[in-house]
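Here is the structure we will look at, set down as structure tokens.
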Amino acid sequence: IVPENKHPSHFSSIGLPMEDRLLATLSAHPYTHSAPVLIQSFEVGNLRYLRGLLGGAHRNIRLLQLVGAPDGQPYDAVLAGRATTYSEMLSPQGLREIATYADAIGPHAGSLGLQLDGGRPRGALVEAAHAAGLQVVAYTFRPENHFLGEAFKDGGSPAARSEHGSIREMRTSIDAGIDGLFTDDPALGRRAVDAVREQDSIPTRL
């Protein structure tokens, strides 16, 4: 279960903070006492607050720092007058700071910057995040040509679906070390994950 704590600064400003209510809701159901839960947000302060509430308890609940466009900023940073950008947050120092309150980052799939190294894909961001002790959960894989990387399009119109290309894009990202992914087509995502088990017999191409 991966709920997003969405627009937390706005809701807090109108007297409707969500963090305590979210944890109370999760605590009220036996299933979410043990089921994996990953709470995500594009802002920072609410994740820090949640980390303080969770402490060492609720080991099934983890926190994910979503990452927007490189020159974008978390909205709570904007409100506080800080110049911090998402690009700065993804620097080695920024990643180490994220690791003090979150368990994972959620970058856009197109920002992974995958390259081939000896026939196998690698991503500098994935490696830097792992070095900081963070997992990587990329978003959002979609099968339409418009959303696919150039190497994965099928040559049709922007709206045309390239199922094979989408599966290959997700599988390539998994091969590069991402720990999870968001996709608009879970059936294709399932096929991509299953294909990884057979990757030794499937050539990897970017």
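The values are calculated or read from the model by the stated rules, or taken from the named source; none is laboratory data. On a predicted model such as this, the values are computed, not experimentally measured, just so you know. Note that we place each Cβ from the backbone using ideal geometry, even for glycine, and neighbour counts take in every protein chain shown. These area figures cover heavy atoms from the full protein model, side chains too; ligands, DNA and RNA do not enter into them. Shrake-Rupley method; radii C 1.70, N 1.55, O 1.52, S 1.80 Å.
Key figures for this structure:
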quantity: Only Lys, Arg (+1) and Asp, Glu (-1) charged, at Cβ; region 62-105 dipole about Cα centre in debye; calculated: 80
quantity: At R0 = 25 Å, FRET efficiency that the Cβ-Cβ distance of His10 and His108 yields, to 0.05; calculated: 0.65
quantity: Cleavage-rule hits, chymotrypsin sites (Phe, Trp or Tyr not before Pro), region 105-188, DSSP coil, Cβ neighbours within 10 Å at most 13; calculated: none
quantity: Spin-label model distance (nm) - Thr25 vs Arg190, 7 Å beyond Cα toward Cβ; calculated: 2.6
quantity: Inter-label distance, nm, simple model (7 Å from Cα along the C-beta direction), Asp71/His164; calculated: 3.8
quantity: Average accessible area per residue (Å²) across the chain - probe 1.4 Å, nucleic acids and ligands excluded; calculated: 53
quantity: Student exercise, the chain dipole from Lys, Arg, Asp, Glu Cβ charges, in Debye to nearest 20; calculated: 280
quantity: Using a Förster distance of 30 Å, the FRET efficiency for Asp179-Asp117 (Cβ separation, nearest 0.05); calculated: 0.95
quantity: HN-Hα J in Hz across region 149-162 - Karplus 6.51, -1.76, 1.60, θ = phi - 60°, x for Gly and Pro; calculated: x, 3, 6, 10, 6, 9, x, x, 6, x, 7, 5, 7, 10
quantity: Accessible-area composition of the chain, carbon plus sulfur, in percent [1.4 Å probe]; calculated: 55
quantity: The chain, helix-only ellipticity at 222 nm - DSSP H runs n ≥ 4, -39,500 (n - 2.57), divided by all residues, nearest 500; calculated: -9500 deg cm²/dmol
quantity: For region 1-137, with +1 on Lys and Arg beta carbons and -1 on Asp and Glu, the positive-most of Ile61, Asn46, Phe11 along the dipole; calculated: Ile61
quantity: Amide proton proximity set for Gly180, modelled H, under 5 Å, gap of 5+; calculated: Val136, Ala138
quantity: Gaussian network model of the chain, springs between alpha carbon atoms under 10 Å - residue of Ile178, Ile14, Ile39 with greatest fluctuation; calculated: Ile14
quantity: Sites excluded, trypsin sites (Lys or Arg not before Pro) in DSSP loops with at most 16 other C-beta within 10 Å, longest stretch of the chain; calculated: 83-196
